[in-house]
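Trainee: First the structure, which I've put down as structure tokens, then a few questions once you've had a look.
The values are calculated or read from the model by the stated rules, or taken from the named source; none is laboratory data. None of the values given here were measured: they were computed from a predicted structure. Here the Cβ positions follow ideal geometry from the backbone for every residue, glycine too, while neighbour counts run over all protein chains shown.
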Amino acid sequence: MKKLLPVQGRSGVRRIAVALAALLAWTAPAAAQGSAAPADSARELVAVEEQPALLNRREVVREIRRNYPWALWQAKVSGTVTLRFRVTAAGLPDSASVQVMSATHEGFGAAGVASALAMRFSPARLNGHAVPVWVMLPISFIYDPRASPPRPRG
């Protein structure tokens, strides 16, 4: 697992503790947690030889920062959302499969989904072939007053 490093900004170090280490800290398959995956060709993460790897880390950091709920930022509220979704054989999140498994605040659920849809992965591989795979992904939104605030929406 990789450790979280500060994000370098153009105007010095701007840190938003997004917990990008969590982006690669895939959890146990949902089947082992009591919920069955839909019957499709996607495999559980433990069933593949090569796991998907995030390719656009910087863009995802920007998306997480941009999607941080404005009201929660103003209130200095940090939180986490855990998502489950299918990464296609092309390495893209399947938008129809994204589920919020848990969120510390409802606003982080929608923000996490929007951020996850911007992710691009190298595909999972099995027997040398790209295959779709289910992943569970925690995304942390941590208030950092030194980081640029998100733009208000509404």
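Trainee: If we scan segment 94-108, do we find a residue that is touching a Ser or Thr at 6+ places or on another chain (Cβ under 8 Å) and within 13 Å of R43 (Cβ to Cβ)? Don't jump to the end; show me each part of the working.
Mentor: From segment 94-108, those touching a Ser or Thr at 6+ places or on another chain (Cβ under 8 Å) are 94, 100-104, 108; that's our starting set.
From what's left, within 13 Å of R43 (Cβ to Cβ): none.
No, every residue in segment 94-108 fails to be touching a Ser or Thr at 6+ places or on another chain (Cβ under 8 Å) and within 13 Å of R43 (Cβ to Cβ).
Trainee: Considering A37, A114, which residue is of a type outside the set (K, R) and modelled with pLDDT under 95?
Mentor: A37
Trainee: Could you give every pair whose Cβ atoms fall below 7 Å, whose first residue belongs to segment 51-70 and is over 9 Å from A118 (Cβ atoms) and of a type in the set (F, W, Y), and whose second residue is surrounded by 17 or more Cβ atoms within 10 Å (Cβ to Cβ) and at pLDDT 95 or above, counting only separations of at least 6 or pairs across chains?
Mentor: Filtered contacts from segment 51-70: Y68/A111; Y68/F141.
Trainee: Still on this structure: What pairs come out if I take residues in segment 87-106 that are on the phi > 0 side of the Ramachandran plot and pair them with residues that are assigned to a loop (DSSP other than H, G, I, E, B) and surrounded by fewer than 18 Cβ atoms within 10 Å (Cβ to Cβ) whose C-beta lies under 7 Å away, six or more apart or interchain?
Mentor: These pairs meet every condition: G91/R120.
Trainee: Restrict the check to segment 9-31 and report whether at least one residue is modelled with pLDDT of 95 or more, surrounded by 14 or more Cβ atoms within 10 Å (Cβ to Cβ) and among the hydroxyl-bearing types (S, T, Y).
Mentor: no
Trainee: Further, regarding this structure: Restricting attention to segment 80-123, which residues are of a type in the set (D, E, K, R) and loosely packed, with under 15 Cβ neighbours inside 10 Å?
Mentor: E106
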